[in-house]
Every structure is written in C-alpha cells, then in structure tokens.
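Q: Sharing a structure with you now.
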C-alpha cells in the first residue's frame, strides 16, 4: 500500500533523514519509534507531501507519490498532526465534516452518503456526543479523537498519524488504539503511526521501524524489536535505568 | 448541519434583509429636509417632483453607496481574518485602506497637475495597487513572525506612513484639489454620483462571486494550512485569491468613499456572534448584510446628529466599532485564544 524507498529529505539544504526504506500493507499497523528529533515527523511530512523529498521514492498504491494529484492524494491518505488548531466557532461535527472535502462538490454541500460517513466516523471514535460542542471548548483528548474522526471520514487507504495519543489518558489511549486496530483489520486501512509509548506500540503494531539520527536502525515484528538491548541502544538508556523503569 | 440550525439561519437572514430594507428607506426619508413617504415616492418616480433633486441626486446614491460599500468593506475584513486565522485583522488596521488612500491621492493630484480627467476605473485601479502594496508589506512581515499582534502593529505603522505621505502630497496640491481631497481622505459617502454607485456595485458583485467560489476551500482552511493541504486544498492559490479579493473590496471602498475605519474588523465579528458559526458559506452573505446595515446606520448618524454639519463616517464607525474590537480581544483572552 505504502512503500518508502531510499528516501532522503530535509529542510533547506540540510538532510534530516537519509536512505530510509520501509513499507506498510493494507490492514497493517506500522509504528515509527525513536528518540525526539530522530526524523519520525519528517518522514510523515514527506509522505503527506508537506515536505519535498530530496531523493528516493514514496509509492502509494504502487504509484509514485509525485504523479498523484493533490485531490487524488486526499482520497488515499489522511493525516493527523501534532500542531494544535483553534478553528473559531466550529463545532466538532463541522470539523469532522471537513473530512468530506475531497468528495463534495464546488460548494461543499454534504449529500446523504457524506452525512453517513460523518456519522459513522464519529461513532467509531466515540465523539457523537460532542457533535454540537464547539471544538475549541472540548478537552485536548477529545480534540484528538475528533481529529481522528475527521481523518477516518476522509475514507483513506492510508492513515498517517503523528503522535496522536500524546494528550490522552491511559483509558483513552487504549480506546484510541482499539479503534485503530479495528479500522486496520476491518476496513483494511494501512496505518503508519509515530509514537513514544513503546509499551503500547509493542501491543498494537504489526511492524516496528526504529529511527535514530534520521536513519532506520532496525525494523521487524514487535517481538524482534522490543528486546531490552535494542530499546536501550535506540534511546540511549543506561542499563541500570532501563532495569529500574522497565523491569 | 442540522435542520434546526438551517431554519435558524434562514430566520436570521430574513430579519437581516428586512432590516437592510428598513434602514435603506430610513436613509432616504431622514435628513436635513424631512420628507413624508408620499413626497419621497413621488420624487423617486418623477423627475419633476418637488424634492426629486434631493432624493435622486443625493440621498438615493448615498444610501446605495453605504449599503454596497459597507458590505464590501466587511467582506474585505472577513477575508483578512480568515487569512490570518485571527479576528483582529482588518483592512484598516493592516494599513490596506491607507495604502489605497495614498495611491488614490497621488493619482488625483497627478491628474490635476497634468490637467487630465480621471475616471472611476482609474481610481479603483490606483486604489487596488495601493492596497496590494500595503498588503504585500504586511505579508512580508507575516513571513518573519507568526505573532498577529506584531503583524497588526506593523500594519498600523504602515498605515501611518501612508497617511503621512498622503498629507505630504496634499500639501503640494492646488487649493481647489485639496477641498475635495480633504473630505474624501476623511472617508465619506457623500458626493457619490449614480455612475460611481453603479461602478462600485459592479466591482463588488464580481468580488462577491469570487468569494463565494472560494467558500469551500476557505472552510477547510479554518483547520489550518496543514490540514487544509491534506484535504486537497491548493493553499498557494487559495491564499492568493483571498488576498486579491480582499484587496479588491478595500480598493473599491477607498476609491469611492475614502478610508473607513473599524467596519472591516468589527462587522464580521458581529455576524459570527449573530449566527453562532463561522462557516464561510453562511458568513459571506451574513457579513455583507451586516456591513450594509452597519454602514447605513453610521452614515445616517454622521449626517443627521449635528445637522447641518456633517461628521466624517469614520468618526461614527470608530465610536461603534472600536468598543466591539476591545470586547473581542478581551473575550478571546478569557477563552484562552491567542
């Protein structure tokens, strides 16, 4: 579904990520883990076409990303970002409705099918009860679920999520990942997610990619990756501290 | 959008339209010469009626100008607020009106010095160039800082510079030119001919159509640039369209009526509160109608309150508009907005 090959990217002339390769298939959850500033967000930005790559390839559905139009890409890939938004006087439902943008006509009027998609996305993320609340007035955690609902409502084949659970408490984190799991398995969406909660990443991921200093240092199944040795090396955690906090 | 909401919107729109018509009628009836409805109607329909000069040459064009340009000004502000994701933006505080004022003064003085006649198309073009120059500076600054307060302060400074240069130019103009320039540079709907009103209506109509056409991407743009991009919005094109349309609205207003303060900033806010939404497809007609009503009431106040002396329109719009702006800022602080 999504495959990244020998990718180089960065800001201005500086290269932040180099020679990155990985792929994620339909129905799979791939998590990107690694220390802050390793390049996880950068690679997501390139995939979502926010940032131009310097070299390499990003294939979406076997098509090189560059030859997909912006409008087409919007139907194939949706993202959630770490940046906070404050849309004035927009209800949660209206925020979710923007997810139908790629499908509606010139004036953005929603037809029955669009409305159903909105309703369903809100149901799946347990945000229906927030529908008429103003987006700016709900809690951070609720906002993240609304943004996920918006992303789902876009009916993408690929979901790219940048640290989507950072503001959620543990109960909502679990609920969030259950939703993601269901989406991946039932709708066959390919999910690529950057996260810091390695305990949770171990449980929900089908594949894990370790990123450090802009390079893929390791990748594999959760069983292969989540060994004390590899985690200590990836995050530069001394052994005694690892033991203190993880064992 | 639920049905209940849609019904509410329709109701408010009907009220606004009725209000617009009533205020428009009041603008024609009320003035230094008070007329009965019968006298007014006969003056409208017959050239030879007693007061037909007053009605046809003065009050009708003036009321129409306030209605059209009030709507245009408020949409100009709405577009800038959408662009900057901030309700404190507006054509006057960002120096756009003053930029237009500068180039229009320059055009007027140059034309009089060269003994050329100047038509309204030329004036609007000059105003548009000025509006775009000021907005260009503001945009340059907005690349350097995300802080809207900084951007607004710079906009106000640009406004002052443009006004200073305008004063400088006026000092060198002929006395006969200055009389006209002076009134116009304070902002006024008076002295508008029927042709002027028609030109203003034409330009405004085109710009309103353009604004309606970008209402869908503007809605997505409310989620911020990144999300809008992911939804498939062509950000560069959208931003360019917003800037050009906003400049066109301001230019049209400034060319015909001079710089008018606080309408562009305050009216979109009133409209948002009135409808409880900021959906562009609702806000575009809402801002226009509220702007029309606001400007017609202000203009009526300006010419009647100290009659026969007339106040400049900005004097009145400031008195009504500035407190609203202060309220918006305090309220946003309370709600935790930036």
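The numbers here are math on the coordinates, done by the rules we state, and not lab data. All values reported here derive from a predicted model rather than from experimental measurement. Glycine gets a Cβ as well: all are built from the backbone with ideal geometry, and neighbour counts include every protein chain shown.
Q: For each of B:211, B:166, count neighbouring Cβ atoms within 10 Å of the residue's Cβ, then give the residues from fewest to most.
A: Fewest-to-most Cβ neighbours within 10 Å comes out as B:166, B:211.
Q: Would you kindly state how much longer the chain becomes between residue B:140 and residue B:41 on full extension, computed as 0.36 nm times their sequence separation minus their alpha carbon distance, in nm to one decimal?
A: 30.4 nm
Q: Looking at segment A:1-142, what % of the alpha carbon pairs are farther apart than 27 Å?
A: When all Cα pairs of segment A:1-142 are counted, 36 percent exceed 27 Å.
Q: Any idea what % of Cα-Cα pairs in segment A:1-70 are farther than 17 Å?
A: 40
Q: In vacuum, with every alpha carbon of segment B:209-338 counted as one equal point scatterer, what does the Debye formula give for log10 I(q)/I(0) at q = 0.09, 0.12 Å⁻¹? Two decimals, please.
A: Log10 I(q)/I(0), no solvent term: -0.33, -0.57.
Q: A further question on this structure: Find the relative contact order for segment A:2-246 and round it to a whole percent, using C-alpha pairs within less than 8 Å whose residues are 6+ positions apart.
A: Answer for segment A:2-246 is 29 percent.
Q: Let me ask something else about it. Quick one: what do you get for segment A:76-151 if you divide its Cα Rg by 2.2 N^0.38 Å?
A: 1.03
Q: I've got another one for you. Extending each Cα 7 Å along its Cβ direction at residue A:107 and residue B:324, get the distance between those two points in nm, one decimal.
A: 2.6
Q: If packing is taken as the average count of other Cβ atoms within 10 Å, what order do B:111-121, B:134-144, A:28-38 fall into, highest mean first?
A: For the peptides B:111-121, B:134-144, A:28-38, the packing ranking is A:28-38, B:134-144, B:111-121.
Q: Between B:304, B:145, B:36, where does the largest GNM mean-square fluctuation fall for chain B, given springs only between Cα atoms within less than 10 Å?
A: Looking only at B:304, B:145, B:36, the largest GNM fluctuation is found for B:36.
Q: Give me the three principal axis extents of the protein assembly as shown from the C-alpha atoms, as integers in angstrom, largest value leading.
A: 96, 52, 43
Q: Could I ask something else about it? Give me A:153, B:154, B:295 sorted ascending by neighbouring Cβ count inside 10 Å, so fewest comes first.
A: Placing the least packed residue first, the sequence is B:154, A:153, B:295.
Q: Taking the Cα centroid of segment A:70-146 and of segment A:9-65, what is the distance between the two, rounded to the nearest whole Å?
A: That distance is 25 Å.
Q: Quick one: A:140, A:114, fewest Cβ neighbours within 10 Å first, how do they rank?
A: Going from least to most buried by this count: A:140, A:114.
Q: Would you mind telling me the antiparallel percentage of the DSSP bridges in chain A, rounded to 5?
A: In chain A, DSSP labels about 55 percent of beta bridges as antiparallel.
Q: What distance in nm lies between label points placed 7 Å from Cα along the C-beta direction at residue B:194 and residue A:115?
A: So the two model labels end up 4.8 nm from each other.
Q: Based on alpha-carbon atoms only, what is the radius of gyration of segment A:2-246 relative to the globular estimate 2.2 N^0.38 Å?
A: Compared with the compact-globule rule of thumb, segment A:2-246 sits at 1.02.
Q: Using the beta-carbon distance between residue B:18 and residue B:274 and R0 = 22 Å, what value does 1/(1 + (r/R0)^6) give for FRET efficiency, to the nearest 0.05?
A: 0.95
Q: Taking every residue in B:214-225, how many Cβ atoms of other protein chains lie within 10 Å of its Cβ, on average?
A: Averaged over the peptide's residues, the number is 5.
Q: Here is a follow-up. Any idea how far the Cα center of segment B:116-153 sits from the one of segment A:208-228, in Å?
A: That distance is 52 Å.
Q: Just the Cα atoms of segment B:64-334: what Rg and Dmax do they give in Å?
A: Taking only Cα atoms of segment B:64-334, I get Rg and Dmax of 17.8, 58 Å.
Q: Report the FRET efficiency, 1/(1 + (r/R0)^6), for residue A:14 and residue A:217, where r is their Cβ-Cβ distance and R0 is 35 Å, rounded to 0.05.
A: Efficiency, from the Cβ-Cβ distance: 0.95.
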